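Q: Can you read through this structure? Questions will come right after.
The values are calculated or read from the model by the stated rules, or taken from the named source; none is laboratory data. Values in this document were obtained by computation on a predicted structure and should not be read as measured data. FYI the Cβ positions are ideal-geometry reconstructions off the backbone, even for glycines, and counts take in every protein chain you see. Quick note on the areas: whole protein, heavy atoms, side chains included, nothing else; ligands and nucleic acids left out. Shrake-Rupley method; radii C 1.70, N 1.55, O 1.52, S 1.80 Å.
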Amino acid sequence: QSQTRPAGTSGVAINNRVASSLGWYASGSTWSYRKPIIIDHNKVTATTTAIASFPILFSVTDSDLKYTGSGGLVASSTAGDIVFTSSDGTTKLSHEIEYYASTTGQIIAWVRIPSLSGVTDTTIYVYYGSNTTTYQPNPTGVWNSNFKGVWHLSDGTILTTNDSTSNANNLTNHSGVVATGQIGGGINLLGGSDYLVTASAVITGSGNMSYSVWFKSNDTGGPKHVFNINDSPVNNQEMTLGFRGGVNVVFYGPWGSPDSPGTTNYRDNAWHLATVVYDGSTKKLYLDGAQYDSQSASVNIASALTYIGAYGSDPTNSSFNYVGYLDEARIVGTNLGADWITTEYANQSSPSTFYSYGARQVNGRQNSSGVSTPATKLRGGVKFR
């Protein structure tokens, strides 16, 4: 029988017979190695219906994933030969590489899971070590048509203001600087006239929408705008997220709507995930995966630019501009449910406990201790390895 795989462990053996019975990905080339990634269903909030098309964060440092020139097993110095598949071992999954260090084997990737269960563990595979010359990642395939803008912001070295979706809603940076983020790199906005903005409207209308961002700040001033989808400076024509003066007052949704005073200090110089959802009549605010507030609201955006770190009606006004760090900003054209938001926070806040990472398999086999071995072959009736 297969061994039990507690979440957050690595190098866990998988039953030989099970591993060898799976198909082996070989589309257009040959892949020598793979490892299983087992997503812990206890970390997925979906008790009855699985979450569809969920992009998981895969973040590890693994010596196997170093470039061959640095002593690893990845044939491409850009990790272009890495492939992810579903549990059958052969169905390719779309993925985007946000960061790869060829000398250490550190990789930060987003992988689109067609169906993520909260009842049973979900297994996928990462393949590497191929002679392919075709770059395997497919970033726009990770983010389906619901995603209107996805901005990773930086990889810790280079500022990345491009939109990862097929919409090409790229940002223009006004004085923000590269910084360490919650997930790889982020951006530091120092106040003044620091902000980012899109060139055209990312989302319009009066229907379902969601937006989210990781933030880290200890600024107590206000009002400070973190996220502002700005159509005009009048009420009900924009969606926003920010802080009033004082650390415990959060405003979100249409400007002028009631604020949400709380007892928790979210400007405590620690990373927090804020998510705002709107269904056409109700706005909800989630902080760190938990619902924080819910209020009636009405908004109808005709043609709005998206500002990150500033109030769009007066973006160079330093009294309105956010001071602090930001990472992983997104706009989605649907009302993300509580299950999605809770699961997203569990994955992004602690990827190492969201899944377990198994031992290397070579040609579909490994021994009972989890040490990879070549596939057994026969020649002239004699086994050899």
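Q: Within a Cβ distance under 11 Å of Val44, other residues only, what is the Lys/Arg minus Asp/Glu net charge?
A: Numbers: positive: Lys43; negative: Asp40, Asp121, Asp339, Glu344.
My count for the surroundings of Val44 gives -3.
Q: A follow-up question, please. Taking the square root of 5 times each eigenvalue of the Cα gyration tensor, what semi-axes in Å does the equivalent ellipsoid of the range 172-277 have, largest first?
A: Values: eigenvalues 91, 70, 35 Å².
With the √(5λ) rule applied to the range 172-277, the semi-axes are 21, 19, 13 Å.
Q: For Asp163, what residues show an amide H to amide H distance below 5 Å, using hydrogens built from the backbone and excluding near sequence neighbours?
A: Those lying under 5 Å, H to H, from Asp163 are Asn169, Asn170, Leu171.
Q: Out of every Cα-Cα pair in the range 98-180, what percent are more than 18 Å apart? Intermediate values should be presented prior to the final figure.
A: Working: 1995 of 3403 pairs.
The calculated P(r) of the range 98-180 puts 59 percent of pairs beyond 18 Å.
Q: Comparing Thr263, Thr343, Thr353, which has the greatest mean-square fluctuation in the GNM of the chain with Cα pairs linked when under 10 Å apart?
A: Sorting by GNM fluctuation, first place goes to Thr263.
Q: With a 1.4 Å probe and all protein chains left in place, how much accessible area per residue does the range 136-218 have, in Å²?
A: Values: 2960 Å² over 83 residues.
For the range 136-218, the per-residue accessible area is 36 Å².
Q: Right, next: Pop out the ³J(HN,Hα) list for the range 87-97 in order, Karplus 6.51 cos²θ - 1.76 cosθ + 1.60 with θ = phi - 60°, rounded to Hz; leave Gly and Pro as x.
A: 5, 6, x, 10, 7, 6, 10, 5, 9, 10, 9
Q: Which entry in [x] 1.38; [y] 1.07; [z] 1.00 matches Cα Rg over 2.2 N^0.38 Å derived from the coordinates of this structure?
A: Of the listed options [x] 1.38; [y] 1.07; [z] 1.00, [y] comes from this structure.
Q: Let me ask something additional. For Arg360, what accessible area in Å² do you get when you roll a 1.4 Å probe over the heavy atoms of the protein chains, rounding to the nearest 10?
A: Taking all protein chains as shown, Arg360 has close to 80 Å².
Q: Whose amide H sits under 5 Å from the amide H of Thr180, counting only residues 5 or more places off or on another chain, with H placed in the peptide plane?
A: Answer set, sorted by chain and number: Gly186.
Q: What angle do you read, to the nearest 10 degrees and between 0 and 90, between the alpha-carbon axis of helix 338-349 and the longest principal axis of the chain?
A: 70 degrees
Q: Additional query: Inverting the mean 1/r over all pairs of different Cα atoms, compute the Kirkwood radius of the range 64-221 and quote it in Å.
A: On the way: mean 1/r = 0.0563 Å⁻¹.
Answer for the range 64-221: a Kirkwood hydrodynamic radius of 17.8 Å.
Q: Follow-up. What is the sum of charges around Val213, taking Lys and Arg as +1, Asp and Glu as -1, for the other residues whose C-beta is under 9 Å from the C-beta of Val213?
A: Values: positive: Arg330; negative: Asp327, Glu328.
That works out to -1.
Q: Another question, then. If you count only protein heavy atoms with a 1.4 Å probe, what accessible area per residue comes out for the range 37-133, rounded to a whole Å²?
A: On the way: 3450 Å² over 97 residues.
For the range 37-133, the solvent-accessible area averages 36 Å² per residue.
Q: Taking all protein chains as present, what is the carbon and sulfur share of the accessible area of the chain, in % to the nearest whole number, probe 1.4 Å?
A: On the way: 6860 of 15000 Å².
Carbon-and-sulfur percentage of accessible area, whole number: 46.
Q: Residues with beta-carbon under 10 Å from that of Tyr311, excluding Tyr311: net charge, scoring Lys, Arg +1 and Asp, Glu -1?
A: Net charge around Tyr311: -1.
Q: Quick one: what are the phi-derived ³J(HN,Hα) couplings along the range 142-154, Karplus 6.51/-1.76/1.60 with θ = phi - 60°, whole Hz, x for glycine and proline?
A: Each residue's phi maps through the Karplus curve to give 6, 9, 6, 5, 5, 7, 9, x, 9, 10, 7, 6, 6 Hz.
Q: Sticking with this one: What is the set of long-range amide H partners of Lys148 at a cut-off below 5 Å, with H atoms built 1.01 Å from backbone N?
A: Ile331, Val332, Gly333
Q: For the range 265-336, list log₁₀ I(q)/I(0) at each q in 0.19, 0.28 Å⁻¹, using the Debye formula over Cα point scatterers of equal strength and ignoring solvent, two decimals each.
A: Debye curve over Cα of the range 265-336, log10 I(q)/I(0) at q = 0.19, 0.28 Å⁻¹: -1.07, -1.32.
Q: Whole Å is fine, so just give me how far the alpha carbon centre of the range 124-155 lies from that of the range 247-306.
A: Cα centroid to Cα centroid, the span is 30 Å.
Q: Under a point-charge model restricted to the Cβ atoms of Lys and Arg (+1) and Asp and Glu (-1), what is the dipole moment magnitude of the chain relative to its Cα centre, in debye to the nearest 20? Can you show the working numbers first?
A: Working: 22 positive and 24 negative charges, 353 e Å.
Roughly 1700 debye, rounded to the nearest 20.
Q: For the range 65-76, take each phi angle, set θ = phi - 60°, evaluate the Karplus expression 6.51 cos²θ - 1.76 cosθ + 1.60, and give the result in whole Hz per residue in order, putting x for glycine and proline.
A: Using θ = phi - 60°, the values come out as 8, 6, 5, 4, x, 10, x, x, 10, 8, 6, 9 Hz.
Q: Sticking with this one: How long are the three semi-axes of the equivalent ellipsoid for the range 305-353, computed from the Cα gyration tensor as the root of 5 times each eigenvalue, in whole Å, largest first?
A: Values: eigenvalues 164, 47, 11 Å².
Whole-Å semi-axes of the equivalent ellipsoid: 29, 15, 7.
Q: Then there is this: With a bin width of 5 angstrom, please list the P(r) values of the range 24-103 as percents of all Cα-Cα pairs, from the 0 bin to the one holding the largest distance.
A: So the P(r) values, bin by bin, are 3, 12, 21, 23, 20, 11, 7, 4, 1, 0.
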